[in-house]
Structures are given as C-alpha cells and as structure tokens.
Amino acid sequence: MVALSKIGSFIKGICHPPRQDVTLMKEAGFGWGRIDVPYPYEPDSYGTPNQSFLDFCARCAWYYEQGIRAMCVSPYPRNFAAAGINPATTEGLEKVRETCRFIAHELQHLRVAWQVTNELNVFHFRHPLTLDQCPAFIAAGLQGIRDGTPNAACGYNTNGIGTSGLSIMHEAKALFGSWLPSEDTTLNDAEILIRGVMPYHDLVDYIGLDTYRGTWFDGEPEDIIKDAELAHEITGLPVLLQEFGFSSKGAILNLQDVNAYIAKLGYNSMHEIVSNPTAFMQSIPPKLAGLISKSPPAEQIKTALHLVPHILKMWPGGSRVYPHTLQGQADFYDKMLSLVLAHPHICGAFLYEWTDKEQCFMCHAMDCPCETDWGIIDRNAQPKPAYHIVKKHFA
C-alpha cells in the first residue's frame, strides 16, 4: 500500500457512513466516510447557500469532531442542470468551476478530501452530458476545488476500466443473441474518459476506481487488483478504490431465468420485446422505464441491459468462488483486503457500504438485492460476519 502525500496515510473508508453513532465504524478501523455534496445554492439565487448545503457542512463538522474525515463527492452534472445551469456550455462550466471553488473553500478547515463528481462513464451519472463533454466538466471541477483548497487531496473516478466494463454486453450476447449490435464502441468508456482528463492531471493526486467484480461483473479479488494495476499503468497515479464491495444476497442469472421471465410476460422471444419496446416498458417498474426513456436512442438497449438485474432481481455476472451469502461476503473481503493492503500502488479503499438498505434506490423494490444487501452492518444495526473481517484487517 502507499500513502498519499497530502493525506499522510493509507485511506481506510466506508461509503455512506452512519449519521449518528460512529463507535462501530471507528472500532473497525475506518477513518474516512465518503459522501455526496448537495448542490449548494438556492434554486433562484445563485451564490446564496441553501439549507441542504449548510446541513452538509454541519454533518462534516460533526464527523471531524468524532475523528472521521470526509471524502466529499462534488455535485453531478444533473445537479447543475436541475438548477438551470447547462454544464455543457462555456458559461455553465464557469458556474461549475465557481461552485466547486465555493464548496471546497467552505469545507477546507475540516481537512476533507475530494472526488470530482462520480462515474461519468455511466449514463445515469453523466446525464445530461455526452461522454465527450465529460472531461471538460471534470476539469472545471478540479480547477474549482484547487482554487478553493489548494492543499487538499483531489481526484476523480470511473466505473470499471478496460475489460471490467465489458461483462454486461458479453453476457447479454450469450443470453439474447444476434439482435444486439455487432459491436459496442462504448465498451472502453472508462479509458476514453481518463484519456480526456489526462491533460489536467497536474491537478490530480489519485485516480479513483469503482469496481464491482464478483457481483455486477464477473471476476474475483485478483481481477480487481489487475484493474487497479491497469489504472495505474494508464495514469501513473496512485489508485484509490473509491467503491468496491460484495453483496451478501442474490444469485447469478442465466438463460433459463431470462426465458422464464419473458414467458411470464407473454412473449415468445427477446425479438418480440425489441420489436415493441413500448409495451415491454409498461410491464417493468416505472422508475426503470423512466431511466431507459431518458437515454439517447442509440444507448437505450445498453441502458436496458444494465437494468436487467433490477428487473430479474439477479446478478448479471459474479464470482465463481464466493457465493452471495453472509459468509461468502466475509470471505470475499478477507481475500480482497489482504491483496489491497499489500499492493504498492493502492493508496486507499472505500468499502461499499456501511449498512443494508430497506429498498433498492434504483427500482424501489424491497426484495431487489442490487442495492439492498451490500452493508457490513445489517438493518438492525448488528455487525455481519464481513464487519469482523474488515476489523481484522483495518483496525
């Protein structure tokens, strides 16, 4: 492992840290919590702080008093768009730069670190931007953060890298056949994004990598390490695992599961669904249908494929070694953290996440494993076996 010079130590963090009692968090060895910064201004009064931002500052101050530092994720493109700012224009990017300068300046006394926005190689995070507009957005965020707090650690992240982003399309080709596009030119979106931002890497202290091999994608802990090595090879930067985890619930889908679901809806084949997607979208959760409809026409099939796990409530890939059970989650973390803490280019790790959720934030289903059972603490605030494994390594 390596320490960032502006931090002075390896970062041991958790996504979505507890909002009240941090005793268990500190006992496990966590010193960092990763949290999203809300858009800071009143809707009709640019420059006037809103209550959400003031509450966020108070939350960060409380963490700091408890000995926990915050990894702050700056606002997303959609946050600016919702405030009437077009983040694709020169004027809009100047607002992005100034907004990030403001939030960084306001929080600098709390010794926070920064991640400029999140996973812009994923459509629903970069919306309404196109991929080629994203490097300028990240650059504006980096410039603003540097202006507001020159000495803070700062970087950005991607979801997967290299072949780790290929799994869903490859799995889909095996499951659904020839109706898919013959070639998907967006498979290496993470590398495209990184290379677009590289001219601004004098502002960057680390490259962030979000990786869900073993759950969202095929792979094992060793494959996550290979992805980290690729990120370091491309950028020359220390790698911060901004998100990685392993769900304690769920099964890996296969062709039989897909065909059974299609038949249940009254279709004979996937071809029938593709030829009449409007009827199909009326049969899936409205939240998911809305995400598909917001996608550019050329990306709607890809967006739909990424939502198949929520529709079927099963994983599109996974580990062939570690099952999605309480013990499987613990065993995955045991192997993963052993590798992470021994690696010469990894400067920190944020586990996803602290506690299990009541319902999936994407589809709103309570029985969907996709966003509900990632925690190392259960819904009753009791440590799961994975908690004790993390404590063994981090504390």
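Bear in mind that the values in this text are calculations on the coordinates, not laboratory data. These numbers come from a predicted model, not from an experiment. So basically every Cβ, Gly included, is an ideal-geometry build from the backbone, and we count neighbours across all protein chains shown.
With pairing defined as another cysteine C-beta under 4.7 Å, the cysteines of the chain that fail it are 15, 57, 60, 72, 100, 134, 154, 347, 363, 370.
Taking the centroid of alpha carbons for each part, segment 339-392 and segment 78-151 are 27 Å apart. A simple charge model with +1 on the Cβ of Lys and Arg, -1 on the Cβ of Asp and Glu and nothing else charged puts the dipole of the chain at about 540 debye relative to its Cα centre.
Based on C-alpha pairs under 8 angstrom that are at least 6 apart in sequence, the chain has a relative contact order of 19 percent.
How large is log10 of I(q)/I(0) for segment 255-312 at q = 0.22, 0.25, 0.29 Å⁻¹ when the intensity is taken from the Debye formula with one equal scatterer per alpha-carbon? The Debye formula, applied to the Cα set alone, gives -0.89, -1.16, -1.46. Using R0 = 35 Å, the C-beta based FRET efficiency linking residue 201 and residue 320 works out to 0.45. Which pairs in the list 287/384; 226/313; 12/357 are over 25 Å apart, alpha-carbon to alpha-carbon? Those over the limit are 287/384; 226/313. Taking the Cα centre of each part, how many Å lie between segment 226-273 and segment 1-75? Measuring centre to centre over Cα atoms gives 29 Å. Across segment 1-41, the relative contact order, built from alpha-carbon pairs under 8 Å that are at least six residues apart, equals 38 percent. Each pair of Cα atoms in segment 1-142 enters the Kirkwood radius, and Stokes-Einstein at 20 °C and 1.002 mPa s then converts it into a translational diffusion coefficient of 134 µm²/s.
Considering only 1, 87, 13, the residue lying farthest towards the positive end of the dipole of segment 1-122 is 1, judged by Cα position with unit charges set on Cβ. Net charge dipole, segment 264-395: roughly 100 debye, given to the nearest 20, about the Cα centre with Cβ charges of +1 for Lys and Arg and -1 for Asp and Glu. Anyone know which of 74, 52, 275 comes out most mobile in the 10 Å Cα GNM of the chain? Looking only at 74, 52, 275, the biggest GNM fluctuation is shown by 275. For the chain, the calculated P(r), taken from all Cα-Cα distances in 20 Å bins from zero up to the bin holding the longest distance, is 27, 60, 13, 0 percent. As a calculated quantity, the FRET efficiency between residue 89 and residue 19 at R0 = 45 Å, using C-beta atoms, amounts to about 0.80. Simple rule: put +1 on each Lys or Arg Cβ and -1 on each Asp or Glu Cβ in the chain, find the dipole, and look at 381, 152, 260; the Cα lying farthest toward the positive end is 381.
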